[in-house]
Amino acid sequence: MSENLLKVQPIRNGTVIDHIKPGRGRKILEVLGLSGSGTTISLLMNVPSKKRDRKDIIKVEDRELSENETEKLALLSPNARVNIIRNYAVAEKKKIEIPKVISGTVHCPNDNCISNNERGSSTHFKLLEHESLRIQCIYCGRKIDEDNIEFI
């Protein structure tokens, strides 16, 4: 038998997040609030990958990601893939890409920013750099790199 065989049960319905940056799986579970959802979740870490050296994989039973969750996933692990599973088969495949404008997902660290002080306002950031993730608040101009992003 092959040593590269993954020993994880297939799911009937749900979501498989594949090609996650190695070591990011736990952070994704935390940010998306998946671990407290009451559904079965499988987290595979440092799995061998053909495209990259290693990757993480998350399997979530009986749940599909919302647009907001997909946007957060894009910021946490650009180039991840989301597979929607229905009746044990892949029904949809989505390549996750960082949107050019990120709205209502990230907190601006500037305490004086209008998005933190104006009632009913929502945060808006524009993508500056894709490779070494860097975004900028549209209101106050504050730049944030990948390691300092705080999610709402």
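The values are calculated or read from the model by the stated rules, or taken from the named source; none is laboratory data. Quick caveat: nothing in here was measured; it's all calculated off a predicted structure. Glycine gets a Cβ as well: all are built from the backbone with ideal geometry, and neighbour counts include every protein chain shown. Only protein heavy atoms, including side chains, enter the accessible area calculation; ligands, DNA and RNA are left aside. Shrake-Rupley method; radii C 1.70, N 1.55, O 1.52, S 1.80 Å.
Worth pointing out:
- Some residue of segment 56-68 being in a loop (DSSP other than H, G, I, E, B) and closer than 16 Å to ILE152 by Cα: yes
- Filtered residues of segment 102-120 (kept if assigned to a loop (DSSP other than H, G, I, E, B) and either open to solvent by 40 Å² or more (accessible area, probe 1.4 Å) or in contact with a Gly (Cβ under 6 Å, 6 or more places away or on another chain) (or both)): PRO109, ASP111, ASN112, GLU118, ARG119, GLY120
- None of ASN148, ASN83 is touching a residue at least 24 places away in the same chain (Cβ under 8 Å), out of contact with any His (no Cβ under 9 Å at 6 or more places or on another chain), among the polar types (S, T, N, Q) and open to solvent by 40 Å² or more (accessible area, probe 1.4 Å) except ASN148.
- Within segment 76-128, the set of residues being closer than 26 Å to GLU61 by Cβ, polar (S, T, N, Q) and more than 17 Å from the chain's Cα centre (by Cα) comprises just one member, ASN87.
- Conditions (1) within 19 Å of the chain's Cα centre (by Cα); (2) farther than 22 Å from GLY23 by Cβ; (3) outside any strand (DSSP E or B); (4) among the basic types (Lys, Arg); number of the one not met by ARG52: (2)
- Residues that are β-branched (Val, Ile, Thr) and over 19 Å from LEU75 (Cβ atoms) were ranked within segment 1-17; the one that is modelled with the highest pLDDT is VAL16.
- Members of segment 18-52 found to be closer than 19 Å to LYS72 by Cα, open to solvent by 70 Å² or more (accessible area, probe 1.4 Å) and small (Gly, Ala, Ser), listed by number: SER35, GLY36
- The residue that is farthest from ASN79 (Cα to Cα), among those in segment 133-143 that are within 17 Å of the chain's Cα centre (by Cα) and open to solvent by less than 70 Å² (accessible area, probe 1.4 Å), is ILE135.
- Residues of segment 8-17 that are open to solvent by less than 40 Å² (accessible area, probe 1.4 Å) and among the aliphatic types (A, V, I, L, M): ILE11, VAL16, ILE17.
- Pairing residues of segment 52-80 that are charged (D, E, K, R) with residues that are open to solvent by 20 Å² or more (accessible area, probe 1.4 Å) and assigned to a helix (DSSP H, G or I), at Cβ distances under 9 Å and at least 6 apart in sequence or on separate chains, gives ASP56/ARG26; GLU69/VAL31; LYS72/VAL31.
- Candidates PRO78, PRO99, filtered to the one that is in a loop (DSSP other than H, G, I, E, B), in contact with a strand residue (DSSP E or B) (Cβ under 8 Å, 6 or more places away or on another chain) and under 25 Å from ARG26 (Cβ atoms): PRO99
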